[in-house]
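Data first, discussion second: the structure below is written as structure tokens.
What follows draws every value from the coordinates through simple rules; no lab data is involved. All figures in this text were calculated on a predicted structure; none of them were measured in a lab. Note: ideal-geometry Cβ built from the backbone for every residue, glycine included; neighbour counts use all protein chains shown.
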Amino acid sequence: MSQIAFIGLGNMGAPMALNLLKAGHRLRVYDLSAAAMDKLASAGAQCASSAADAVLEAEVVISMLPASRHVEALYFGAKNSPGILGLIADDALVLDCSTIAPQTAIQLASAAAERGLSLLDAPVSGGTAGAAAGTLTFMVGGLLNDLERARPILSAMGKNIFHAGSYGAGQTAKICNNMLLGILMAGTAEALALGVANGLDAHVLSDIMRQSSGRNWALELYNPCPGVMDNVPASRGYSGGFGVDLMLKDLGLAAESARTVQAAVPLGELARNLYALHSQQGAGALDFSSIYSLLGRKAED
Ligand code: NAD
């Protein structure tokens, strides 16, 4: 069992860290939110006073932060805090599970390699339910040897572990997946809102589409219409889950990624604009399935 530093205990990080504790690992955790750390402390984790404090004596370092700028500040340092890259033990394994720009992941990996550290980009899919159940999918970028070293740790948090390619490839795979997710959630919300505006029962329409050619992940596991499914953000006021602003960030990463190779991503751009509009109207902190309320309101006008 390993001594693990876990940094970032939000909607995803907290349940992932809990699964590592359940698997018998020793955790020293850090988050800017004291409440987030308290929850882990009551499950047996040690609380660190800073990220630098968390990584001391860690054999494995895991970060689960919102975006590229948070990951850069953590490892390379920001105005008032030194980066942790120089503090991590020489033989430690570093896993960044945040969804960030592939370019940032590559910069981080090369800085880590200069120090002789093993580092992987290992973003996840499966949502908060997958994080709690320990069934996440990991999309890993980096060296195969390092992935084999990481496998027992990743297996405690997920059930599908893919090697996407070299450094940054895990992030590229994740960005492609989330562009599709953003599009399919908006499309599913639009179809449901159209049916409801025309007098259909949302349960009945969801059942029909789930058994028809419109079938998809949102209809099966994450219905965006309130009341259709238990235990999804739509049925608890769109709280928890995957924030609109995080989806907006991922669609922005997809747009940047498309520009670098001059790819056309018209549906991804359209989805990005929809989530940007939704965020501007105050929904940034709600779960991304709340895009239903943007499209639903329009259908009722
Ligand atoms: P979140 O906003 O719920 O949690 C982020 C946590 O990081 C917060 O607790 C925050 O306090 C903490 N934090 C921020 N800066 C910090 C710092 N410098 N030091 C320590 N802690 C810091 O986000 P989340 O939903 O857990 O997502 C985390 C990452 O996983 C994101 O990159 C997201 O895109 C990705 N992701 C999320 C989901 C999902 O369903 N929520 C699914 C797959 C991937």
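Any idea which of 56, 253, 233 is furthest toward the positive side of the dipole for the chain, if Lys and Arg beta-carbons carry +1 and Asp and Glu beta-carbons -1?
233
Please report, in whole Å, how far the alpha carbons of region 21-67 spread along each principal axis, starting with the longest.
Extents along the principal axes: 28, 23, 20 Å.
Take the chain, drop everything but the C-alpha atoms, weight them equally and run the Debye formula without solvent; then report log10 I(q)/I(0) at 0.17 Å⁻¹ to two decimals.
Treating every Cα as an identical point scatterer, log10 I(q)/I(0) equals -1.39.
Let me confirm the definition first: pairs of Lys residues in the chain, 8 or more apart or on different chains, C-alpha distance under 18 Å. How many are there?
4
Show log10 I(q)/I(0) for region 185-297 at q = 0.15 Å⁻¹, two decimals, from a solvent-free Debye sum over equal Cα scatterers.
Those come out to -0.65, one per q.
Based only on Cα atoms, what mean projected area does the convex hull of region 31-169 have, in nm²?
Values: hull surface 32.3 nm².
Hull-based average projected area comes out at 8.1 nm².
What order do you get for 228, 204 when you list them from fewest to most C-beta neighbours inside 10 Å?
204, 228
Roughly speaking, what % of Cα-Cα pairs in region 225-281 are separated by over 15 Å, rounded to a whole number?
Of all Cα-Cα distances in region 225-281, 57 percent exceed 15 Å.
Most fluctuating residue of 23, 164, 45 in a GNM of the chain with Cα springs under 10 Å: which is it?
23
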